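Notes follow once the structure below has been shown.
The values are calculated or read from the model by the stated rules, or taken from the named source; none is laboratory data. Keep in mind that what you see is a predicted model, and the values were worked out from it rather than measured. Virtual Cβ from ideal backbone geometry, glycine too; neighbours counted across all protein chains shown. Remember, those area values only see protein heavy atoms, side chains included, never the ligands or the DNA or RNA. Shrake-Rupley method; radii C 1.70, N 1.55, O 1.52, S 1.80 Å.
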Amino acid sequence: MPRRPLLAGNWKMHLTISEAKKLASSIAQSAADVQDRDVMISPPFTALAAVAETLSDTNIILAGQNASWAAQGAFTGDISPLMLKDAGCSMAILGHSERRHIFGESNDMINKRVQSCLSTDLVPILCIGETLEEREAENTFRVLDKQVRLGLKDVSLKTGNEIIVAYEPVWAIGTGKTASADQAQEVHAFVRNLLEDIFEKNIATEIRILYGGSVNAENVDVLMAQKDVDGALVGGAALKTESFDRIIHFQS
Ligand code: PGA
């Protein structure tokens, strides 16, 4: 079975509830003709329930931008996987570089979040990526190996559809600098091999690996044409209907 492409919009800390509903409904209109691919959006927590209602007759997937490792309790500021499901989510973005670098999230914390999502039937999107300094020092593969192995520590899967990995080089996020198609494919193939080492080969083959970092209407086709690029995690260009419309209608 070929992997089903996933085009995902990470709205980060943007939009009020009414703005989010408006954007979600115009994305739903653009995505109405899309059948052979999945479309996901990840609004801020405050807008999730309202956007879920807007999307109720559509196939658009809703995701949280993070998820706690606990089901409930004294964790001020955190949102549990159960709460995300209750608000209409079926996925959660974990270990985004902004969480790692601005908020100091460690591989260990991210691993606990991955496990709590899996035990709540919420599909984790594990984000990994090297900084410019790490790439220039030729440490890219070492960093990614660590992020993948520690992020997926003690994780067992029945199928590869239970989890998604997103490769987002930190130097490409929000900078307008995208990895070239060759650079993306090289890393995605490396991650695929790593997943084969961690899980059984048939499971690793099913896991979708998204590329993220300045994906836009102009570069999406060439990135999606790469063998191991199974989708895109999009920030800035996901906040505008025209560019996200082009992204979800990528041609390869
Ligand atoms: P960007 O963000 O598309 O604005 O670079 C991507 C992301 O952070 O997921």
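Condition first: among the hydroxyl-bearing types (Ser, Thr, Tyr) and within 10 Å of the ligand (Cβ to nearest atom). Can you find one or more residues in segment 203-226 that meet it? Yes, because at least one residue in segment 203-226 is among the hydroxyl-bearing types (Ser, Thr, Tyr) and within 10 Å of the ligand (Cβ to nearest atom).
Please work out if Ala67 is in contact (Cβ under 8 Å) with a residue 12 or more places away in the chain, closer than 23 Å to Ile41 by Cα and in contact with a Cys (Cβ under 6 Å, 6 or more places away or on another chain). Judged against the criteria, Ala67 is a match. Among residues of segment 203-216 being open to solvent by 20 Å² or more (accessible area, probe 1.4 Å) and not acidic (Asp, Glu), the one that is nearest to Arg4 (Cα to Cα) is Arg208.
For segment 121-131, filtering for residues that are part of a strand (DSSP E or B) and surrounded by fewer than 17 Cβ atoms within 10 Å (Cβ to Cβ) leaves 0.
Does Ile173 satisfy being within 16 Å of the ligand (Cβ to nearest atom) and of a type in the set (Val, Ile, Thr)? For Ile173, the condition - within 16 Å of the ligand (Cβ to nearest atom) and of a type in the set (Val, Ile, Thr) - is met.
A search for C-beta distances below 6 Å between a residue of segment 205-223 that is farther than 20 Å from Ile93 by Cα and any residue that is assigned to a helix (DSSP H, G or I) and more than 15 Å from the ligand (Cβ to nearest atom), counting only pairs 6+ apart in sequence or on different chains, returns Val222/Ala181; Leu223/Ala181. Quick check: anything in segment 77-94 touching a helix residue (DSSP H, G or I) at 6+ places or on another chain (Cβ under 9 Å), at pLDDT 95 or above and over 29 Å from Ser25 (Cβ atoms)? Taking every residue of segment 77-94 in turn, none turns out to be touching a helix residue (DSSP H, G or I) at 6+ places or on another chain (Cβ under 9 Å), at pLDDT 95 or above and over 29 Å from Ser25 (Cβ atoms). Of the residues in segment 45-61, none is under 25 Å from Glu105 (Cβ atoms), touching a Gly at 6+ places or on another chain (Cβ under 6 Å) and crowded, with 17+ Cβ neighbours inside 10 Å.
Considering segment 176-202, the residues that are open to solvent by less than 10 Å² (accessible area, probe 1.4 Å) and either under 15 Å from Val220 (Cα atoms) or of a type in the set (Ser, Thr, Tyr) (or both) include one that is farthest from the ligand (Cβ to nearest atom), namely Ala184. Out of curiosity, is Thr140 out of contact with any Cys (no Cβ under 9 Å at 6 or more places or on another chain), more than 22 Å from Ser214 (Cα to Cα) and more than 16 Å from the ligand (Cβ to nearest atom)? Answer is no for this residue. Does Ser106 satisfy the criteria of being under 19 Å from the mean Cα position of the chain (by Cα), open to solvent by less than 20 Å² (accessible area, probe 1.4 Å) and away from the ligand (no atom under 16 Å from the Cβ)? When the stated conditions are applied, Ser106 does not pass them. Would you say Ser243 is open to solvent by 30 Å² or more (accessible area, probe 1.4 Å) and within 16 Å of the ligand (Cβ to nearest atom)? Against the criterion (open to solvent by 30 Å² or more (accessible area, probe 1.4 Å) and within 16 Å of the ligand (Cβ to nearest atom)), Ser243 does not qualify.
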